[in-house]
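**Q** First, the structure itself, so that you have it in front of you.
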Amino acid sequence: MSHAPDGQQYQPYRPEGQQPQPPHGGQPYGARGGQQQPYGVPGAPYEEEPRYGEEPPGPERPRRSLVRRWVVAGGAVLALAGVAALVLNHFEIPPFTDKGTAVSFGKPAAGGAGKPGEAQQPSSSKMLMPTGPTAEFKNAMTLPDGTHVAVTTLDGKKSGFKGKVWVWAPKEYDDPKFAQSGFPVMIALPGGAGYPSNYWMGTDLGLQTSISKWYAEGKSKPFILAMPVLNPGPDDKGVYWDGSDIPDQPKMGTWLTEDVPDLMKANFRTVKSRDGWAFMGSSTGGFAGLKAVLKHPDKFKAVIASGPDIVPDSSLWKGHDKEKAENNPEVLAKQLIDRKGPDVYLAFQVGDSENNKKTLPDVQKFIATFGNKGPVHTDLRVIKGGQHNAKTYVPNMGEGPIQFISKVMEGPVE
């Protein structure tokens, strides 16, 4: 919407030569004793203004009007330029934004040890240097602290799926103090279709700034975020993929648990062991993260699952009962308990005003059945008045779930 600058008044058209009339029916401007003075006569109380750029009609005429016009014109040009720059920046149009510029993460350590594929480190190190090949990251947005949310298109070698992944690293990642340190990674999954974008990449939900704040407060690890698309297409007519390898469908489970972690290992200093790898998700993304940790406890140690589904419910599982059971968190939790490990940490948070009234009872039932039995460690935060949305979940993560998993995870490590 276009608006006139504040304070700009509408000026009515006045035919040339028409004398302005005084208010309240008084004498015409410039009249003395009932006799009107003509325009343009020196000394008349109301003189005709010179045309733009002309000299005033007489040696006595001051140049103040002309100077004033130049000042006003210059100010208007500057104001319009400022408004234009703000508009172009809002719509992210170069050169008024750095969106789309190349982004690299991490400053090379001494001797080039920070370059992917050139890492030399002791075998005893807990850190994994970037393995390469380097992905092409483009800036999606810049945060006030100078960090970047960047995006790349990942051609998954193991899943065969090609899609976008957004990444973010906290400012500590570029701090010389941590130049030889590996950072923990959190794979953040959205609810809904999670396609063609992942809503955690936007800064309006405050996930990135919250992680920085929580780390400064001693509540959280300084997680690197990986934010991949969750599904291979839109959630059309209720069809979705459960973040799983459903037969005859794109292998979204492999995409999330193999290809995305491989991307992060190739481009960032990470943690070698599963102690530096976690999931976070809401709704469908919460289910996918929960299932990923229970299915692959050798690769991932923890998850924050907000308002999650507990069992797979995609219509695409029809006719594939065996594979469906292999992706059921209830089945996977029982198998993990029977195997006696390894330990996993499942932090749940659910609003007590969620639109699906079964969400909270289902989570409570899961915890009552499997929680804190053997290797399955659980925690539940019930959000008073909380609804089924990301704006509810992010601020409440800092009140318990992020602390629950951070206590058992590692990073930064050398």
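**Q** Within the range 265-297, work out how many residues are surrounded by fewer than 22 Cβ atoms within 10 Å (Cβ to Cβ) and either in a strand (DSSP E or B) or basic (Lys, Arg) (or both).
**A** Of the residues in that region, 4 qualify.
**Q** Separate question: Of the conditions (1) on the phi > 0 side of the Ramachandran plot; (2) open to solvent by less than 10 Å² (accessible area, probe 1.4 Å); (3) out of contact with any Gly (no Cβ under 7 Å at 6 or more places or on another chain); (4) not acidic (Asp, Glu), Gly319 satisfies every one except a single condition; which number is it?
**A** The single condition Gly319 does not satisfy is (2).
**Q** Looking at the range 309-323, which of its residues are hydroxyl-bearing (Ser, Thr, Tyr) and either assigned to a helix (DSSP H, G or I) or under 14 Å from Gly371 (Cα atoms) (or both)? It would help to see each step written out before you state the result.
**A** Step one: of the range 309-323, the residues hydroxyl-bearing (Ser, Thr, Tyr) are 314-315.
Scanning the range 309-323 gives a single hit, Ser315.
**Q** Which of the residues belonging to the range 371-390 are among the small types (Gly, Ala, Ser) and outside any loop (DSSP other than H, G, I, E, B)?
**A** Within the range 371-390, Ala390 is the sole residue that qualifies.
**Q** Looking at the range 155-178, which of its residues are buried (at least 16 other Cβ atoms within 10 Å of the Cβ) and touching an Asp or Glu at 6+ places or on another chain (Cβ under 6 Å)?
**A** Gly156, Ser159, Phe178
**Q** Give me the pairs: first residue in the range 205-234 and farther than 23 Å from Lys301 by Cα, second residue β-branched (Val, Ile, Thr) and open to solvent by less than 10 Å² (accessible area, probe 1.4 Å), beta-carbon distance under 7 Å, and six or more apart or on different chains, which are they?
**A** Note: pairs meeting the criteria are Leu205/Val394; Gly206/Val394.
**Q** Same structure, new question: Six or more apart or on different chains, Cβ atoms under 6 Å: show the pairs whose first residue is in the range 298-317 and in contact (Cβ under 8 Å) with a residue 12 or more places away in the chain and farther than 23 Å from Pro361 by Cα and whose second is open to solvent by 10 Å² or more (accessible area, probe 1.4 Å) and of a type in the set (Ser, Thr, Tyr).
**A** none
**Q** Quick one: how many residues across the range 391-406 are in contact with a Leu (Cβ under 7 Å, 6 or more places away or on another chain) and either open to solvent by 10 Å² or more (accessible area, probe 1.4 Å) or in a strand (DSSP E or B) (or both)?
**A** So the answer is 1.
**Q** In addition: Name the single residue that is modelled with the highest pLDDT among those in the range 180-215 being open to solvent by 10 Å² or more (accessible area, probe 1.4 Å) and under 21 Å from Arg274 (Cα atoms).
**A** Tyr215
**Q** Residue check: is Val185 within 17 Å of Met129 (Cα to Cα) and either among the hydroxyl-bearing types (Ser, Thr, Tyr) or in contact (Cβ under 8 Å) with a residue 12 or more places away in the chain (or both)? Talk me through it step by step, then tell me what you get.
**A** Working: within 17 Å of Met129 (Cα to Cα): yes; either among the hydroxyl-bearing types (Ser, Thr, Tyr) or in contact (Cβ under 8 Å) with a residue 12 or more places away in the chain (or both): yes.
For Val185, the condition - within 17 Å of Met129 (Cα to Cα) and either among the hydroxyl-bearing types (Ser, Thr, Tyr) or in contact (Cβ under 8 Å) with a residue 12 or more places away in the chain (or both) - is met.
**Q** I'd like the residue in the range 324-364 that is open to solvent by 50 Å² or more (accessible area, probe 1.4 Å), in contact (Cβ under 8 Å) with a residue 40 or more places away in the chain and part of a helix (DSSP H, G or I) and, out of all such residues, is farthest from Ala288 (Cα to Cα).
**A** Here the answer is Asp362.
**Q** I'd like to verify a number: residues in the range 366-383 that are over 28 Å from the mean Cα position of the chain (by Cα), open to solvent by 40 Å² or more (accessible area, probe 1.4 Å) and in contact (Cβ under 8 Å) with a residue 12 or more places away in the chain, how many?
**A** Count: 4.
**Q** If you don't mind, another one. State all residues of the range 171-204 that are β-branched (Val, Ile, Thr) and not in a helix (DSSP H, G or I); if no residue qualifies, say none.
**A** Val185, Ile187
**Q** When you go through Trp241, Trp255 one by one, which is the residue that is surrounded by 24 or more Cβ atoms within 10 Å (Cβ to Cβ) and in a loop (DSSP other than H, G, I, E, B)?
**A** Among Trp241, Trp255, only Trp241 is surrounded by 24 or more Cβ atoms within 10 Å (Cβ to Cβ) and in a loop (DSSP other than H, G, I, E, B).
**Q** What is the one condition in (1) open to solvent by less than 10 Å² (accessible area, probe 1.4 Å); (2) in contact with a Leu (Cβ under 7 Å, 6 or more places away or on another chain); (3) in a loop (DSSP other than H, G, I, E, B) that Pro222 does not satisfy?
**A** The failed condition is (2).
**Q** Answer yes or no: is there a residue in the range 363-372 that is among the small types (Gly, Ala, Ser) and farther than 30 Å from Ser181 by Cβ.
**A** yes
The values are calculated or read from the model by the stated rules, or taken from the named source; none is laboratory data. Everything quoted here is computed from the prediction, not taken from an experiment. Here Cβ is always computed from backbone atoms with ideal geometry, including for glycine, and neighbour counts include all displayed protein chains. Just so you know, the surface numbers come from the protein's heavy atoms only, side chains and all, with ligands and any DNA or RNA stripped out. Shrake-Rupley method; radii C 1.70, N 1.55, O 1.52, S 1.80 Å.
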